[in-house]
Amino acid sequence: MEILKVDKLCKTYGKGSALVEAVKNASFSLEKGEFAAVVGESGSGKSTLLNCIGGLDMPTSGNIYLDGENLFQMKENERTIFRRRNIGFVFQSFHLIQELDVENNIIFPLLLDNKKADKAEVEEILEILGLQERRHALPGQLSGGQQQRVAIGRALITKPMLILADEPTGNLDRKNSRDVMDLLLQASRRYRQTILMITHNPTLAACADRVLEVSDGVLRDLGGMTNEKLS
């Protein structure tokens with residue numbers, strides 16, 4: 001079942017001699033439960049691609065469909081609500097609310113939608129994340145790895161069709177990076193979440209079902225890769 005379809009996506013900045021083609025005619029699709037990694041050098045267009053797919057940035061041309069819905073045929077307020085309900089984000093810098101404890105940071109997307117959290121689902125996520133004993137801790141009382149786990153829990157709580165992860169292990173050491181990757185893989189396998197992750201780490205990228213490479217704004221599907229092919 002196709003969840004995400006990116007069709008001839010282009011994104012440019014500036015005009016004339018200052019024109020920058022950040023994404024050039026990118027097309028691909030992801031199935032339900034598929035885990036894809038996006039690799040490429042800094043400035044290659046990876047984050048621009050992810051921001052367009054997440055509805056955070058307007059493409060210059062092309063279309064993005066999530067479960068058949070065209071993101072950019074929606075009005076801005078409609079797209080905001082659709083994004084909140086159907087796309088989970090995991091960023092390198094966590095973006096947690098410092099005044100809220102672990103549990104309330106996780107359920108925050110539901111609170112924005114005036115929805116009540118299912119206690120059993122919250123308990124399950126806290127258990128998977130290994131944060132049951134830290135549920136009342138504030139972000140400032142957590143390690144970087146624990147904060148990123150909270151961010152993953154926040155991305156999972158709405159059961160989104162798509163999770164976008166932009167360098168989710170960029171601020172973490174090797175052990176915490178491995179733990180975060182394991183959690184994302186578990187989300188893909190256990191909950192059949194479709195995940196698109198940007199990473200500079202070839203070892204982490206090799207764990208994905210597919211690898212997409214962006215170079216100078218051009219997207220190339222490398223398929224399933226091994227560490228040796230990515231190194």
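The values are calculated or read from the model by the stated rules, or taken from the named source; none is laboratory data. Every value quoted in this text rests on a predicted model; they were computed, and no experiment measured them. All Cβ positions, even for glycine, are placed from backbone atoms using ideal geometry, and neighbour counts span all protein chains on display. SASA here: full protein model, heavy atoms, side chains in, ligands and nucleic acids out. Shrake-Rupley method; radii C 1.70, N 1.55, O 1.52, S 1.80 Å.
Beta carbons closer than 7 Å, at least 6 apart along the sequence or on distinct chains, pair a first residue in segment 20-34 that is within 11 Å of Lys8 (Cα to Cα) with a second that is polar (S, T, N, Q) for Val23/Thr48.
Within segment 124-137, the set of residues being open to solvent by less than 70 Å² (accessible area, probe 1.4 Å) and more than 13 Å from Leu156 (Cβ to Cβ) comprises Gly130, Arg135, Ala137.
Inside segment 30-48, can you point out the residues that are hydrophobic (A, V, I, L, M, F, W, C) and in contact with a helix residue (DSSP H, G or I) (Cβ under 6 Å, 6 or more places away or on another chain)? Talk me through it step by step, then tell me what you get.
Restricting attention to segment 30-48, the residues satisfying the condition of being hydrophobic (A, V, I, L, M, F, W, C) are 30, 35-39.
Phe35, Ala37, Val38, Val39 - these are the residues of segment 30-48 that are hydrophobic (A, V, I, L, M, F, W, C) and in contact with a helix residue (DSSP H, G or I) (Cβ under 6 Å, 6 or more places away or on another chain).
Taken over segment 175-219, the criterion of being modelled with pLDDT of 85 or more and among the basic types (Lys, Arg) is satisfied by Lys175, Arg178, Arg189, Arg192, Arg210. Given the condition under 30 Å from Gln146 (Cβ atoms) and either under 19 Å from the mean Cα position of the chain (by Cα) or at pLDDT 95 or above (or both), answer yes or no: does some residue in segment 14-27 qualify? So far as segment 14-27 goes, no, none of its residues is under 30 Å from Gln146 (Cβ atoms) and either under 19 Å from the mean Cα position of the chain (by Cα) or at pLDDT 95 or above (or both). For segment 1-15, a residue qualifies if it is among the charged types (D, E, K, R) and open to solvent by 50 Å² or more (accessible area, probe 1.4 Å), and the qualifying residues are Glu2, Lys5, Lys8, Lys15.
Name the one entry in Gly68, Gly88 that is touching a strand residue (DSSP E or B) at 6+ places or on another chain (Cβ under 6 Å) and of a type in the set (Gly, Ala, Ser). Before the answer, list the steps.
On the way: Gly68 fails: touching a strand residue (DSSP E or B) at 6+ places or on another chain (Cβ under 6 Å).
Gly88 is the lone residue from the list that is touching a strand residue (DSSP E or B) at 6+ places or on another chain (Cβ under 6 Å) and of a type in the set (Gly, Ala, Ser).
For residues that are open to solvent by less than 30 Å² (accessible area, probe 1.4 Å) and among the aliphatic types (A, V, I, L, M), tally how many sit in segment 80-104. Counting residues in segment 80-104 that are open to solvent by less than 30 Å² (accessible area, probe 1.4 Å) and among the aliphatic types (A, V, I, L, M) gives 4. Taken together, the residues in segment 52-79 that are open to solvent by 50 Å² or more (accessible area, probe 1.4 Å), among the polar types (S, T, N, Q) and free of Cβ contacts under 8 Å to residues at least 12 places away in the same chain amount to 2.
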